[in-house]
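Here, each number is a calculation from the coordinates, and none is a lab measurement. Note that the structure is predicted; figures quoted are calculated from it, not measured. Here Cβ is always computed from backbone atoms with ideal geometry, including for glycine, and neighbour counts include all displayed protein chains.
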Amino acid sequence: MLNTNWLSGLELFHPLIYGLAAVIGHIFPVWFMFKGGKGVAASFGLLLVYNFWIGLAAVFVFIIVEYITSYVSVSSTIGAIFTLLLVTIRHFWFIEDLWLVLITLALVVLIIIRHQANYRRLKNGTENRVRLFDKMDTLLNSHKK
């Protein structure tokens, strides 16, 4: 067993600060000339580790919106905004956790900023759809004929 008494009494940053740093590292990876794009996945991982139920709610909203729209950028944005609303309501009415609200706000801002090109393509009608649920729909509708 590793003795870590030498860290006792040392005030470290809130764990969500380290999570935010990890998300920023996924969005702007040094090895790929600061061009990344896995911020939503890293944000989900951060939420899932920090509060499993909030992470689960976020992925549920993401999947529902993805099923309805077939646009990952729309699902990511709506899922992020939903999560911000959820943690804000939780903070003011149930469990105070200002760090979670502030870090979630920062993540939402990053997600919205990084999806600007996607929003332009959506407006122009040139955004690619992701057909995650097409095979499932085909299977479900094949026996109705």
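Determine whether His14 is under 30 Å from Gly125 (Cα atoms), in contact with a helix residue (DSSP H, G or I) (Cβ under 9 Å, 6 or more places away or on another chain), in contact (Cβ under 8 Å) with a residue 12 or more places away in the chain and not aromatic (Phe, Trp, Tyr). Against the criterion (under 30 Å from Gly125 (Cα atoms), in contact with a helix residue (DSSP H, G or I) (Cβ under 9 Å, 6 or more places away or on another chain), in contact (Cβ under 8 Å) with a residue 12 or more places away in the chain and not aromatic (Phe, Trp, Tyr)), His14 does not qualify. Could you please let me know if Ala41 is touching a Ser or Thr at 6+ places or on another chain (Cβ under 9 Å) and free of Cβ contacts under 8 Å to residues at least 60 places away in the same chain? It is false that Ala41 is touching a Ser or Thr at 6+ places or on another chain (Cβ under 9 Å) and free of Cβ contacts under 8 Å to residues at least 60 places away in the same chain. If you filter segment 82-115 down to residues that are free of Cβ contacts under 8 Å to residues at least 60 places away in the same chain and within 24 Å of Arg131 (Cβ to Cβ), you find that the one that is nearest to the chain's Cα centre (by Cα) is Phe82.
Just checking, does segment 31-41 include any residue being assigned to a helix (DSSP H, G or I) and either in contact with a strand residue (DSSP E or B) (Cβ under 7 Å, 6 or more places away or on another chain) or surrounded by 14 or more Cβ atoms within 10 Å (Cβ to Cβ) (or both)? Yes: segment 31-41 contains one or more residues that are assigned to a helix (DSSP H, G or I) and either in contact with a strand residue (DSSP E or B) (Cβ under 7 Å, 6 or more places away or on another chain) or surrounded by 14 or more Cβ atoms within 10 Å (Cβ to Cβ) (or both).
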